[in-house]
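The values are calculated or read from the model by the stated rules, or taken from the named source; none is laboratory data. Worth saying up front: this structure is predicted, and the values here are computed from it rather than measured. For neighbour counting, all protein chains shown are included, and Cβ atoms are generated from backbone atoms with ideal geometry for every residue, glycine included. Note: accessible area is taken over every heavy atom of the protein model, side chains too, but ligands, DNA and RNA are not part of it. Shrake-Rupley method; radii C 1.70, N 1.55, O 1.52, S 1.80 Å.
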Amino acid sequence: MKRLMLMAALCVAPLGCVSNQGDGSIRFINAFSVTACAPDTSTFLSQGTLYWRGEGQDNYRLAMGVETNNTAQVIDVQGETLSSGVGLQDFNLEELIYSYVVINSEGEEDDEALEEETIAIHAVFRPGTTVDRSYLSMEAFGPKAVSALGELAGGLGPDESLTVLATIKARGHLGAGGFAVESNEFTFPITVYGPGQCSAVAGGACYPGQNATCTP
């Protein structure tokens with residue numbers, strides 16, 4: 001419960017939870033609302049809901065705003081100020097690292113219900129990328145989590161739900177085989193409902209069950 005209370009306090013901010021933004025080469029800032037099969041960059045989400053249909057398409061599509069900090073680094077060489085140019089390299093995204101905490105309807109949490117996992121992904125972000133013009137589309141759950149959540153959601157009673165705190169960070173390299181770098185971590189809470197609990201589905205054909213209106 002202590003971790004849940006801490007996460008709740010962190011998530012009071014209107015744009016979800018991000019940590020260790022610092023001066024990293026790449027940062028995830030906001031979760032954009034995804035409607036009509038595309039992100040709405042004018043609307044941010046702090047949490048989501050997912051109606052688990054059990055039909056092989058169950059996942060939550062995230063569109064995270066991306067910002068890079070690859071500006072030229074200033075160095076001093078014997079009193080002469082020079083620009084190193086090191087920071088002007090692309091960020092080559094290679095993998096996403098997932099970890100999870102599952103919280104049941106009674107507020108009890110389990111950080112071992114879903115395994116940590118890493119998935120391969122490819123994207124390139126240029127220096128000077130700004131969050132208002134760039135985003136990364138990703139799944140909130142990796143394949144191992146999807147498999148395990150199918151069993152958990154299928155066993156939910158009519159008045160039960162699960163909240164999954166999905167924590168994700170990116171890993172890659174600067175330039176072609178340059179320095180290995182990581183993004184900040186962000187945590188996105190998703191409430192999962194079982195079959196028969198939702199009265200409407202907002203996601204439509206593209207993302208079935210996403211941000212459904214549920215009445216457990």
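Quick notes on this structure:
- Ile119 sits with roughly 50 Å² accessible to a 1.4 Å probe, with DNA, RNA and ligands left out of the calculation.
- Portion, in percent, of the accessible area of the stretch 116-216 that falls on carbon or sulfur, probe 1.4 Å: 52
- The phi torsions of the stretch 136-146, fed into the Karplus equation with coefficients 6.51, -1.76 and 1.60 and a -60° offset, translate into couplings of 10, 8, 8, 8, 6, 10, x, x, 5, 5, 4 Hz, rounded to whole numbers, with Gly and Pro shown as x.
- Taking 14 Å as the cut-off, the amide N atoms of the stretch 112-152 that come nearer than this to a point 7 Å along the Cα-to-beta-carbon line of Arg171 belong to 116-121.
- With the whole protein complex present, Thr43 retains an accessible surface near 50 Å², based on a 1.4 Å probe.
- Toward the positive end of the charge dipole of the stretch 85-216, with +1 on the Cβ of Lys and Arg and -1 on the Cβ of Asp and Glu, the farthest Cα among Thr129, Pro208, Gly172 is that of Thr129.
- Per residue, the stretch 127-183 exposes 47 Å² of solvent-accessible protein surface, assessed with a 1.4 angstrom probe and all protein chains in place.
- Sequence of Asp58, Asp110, Asp132 from largest to smallest accessible area, 1.4 Å probe: Asp132, Asp110, Asp58
- Local electrostatic count at Tyr193 - Lys and Arg +1, Asp and Glu -1, tallied over other residues with Cβ under 13 Å: -2
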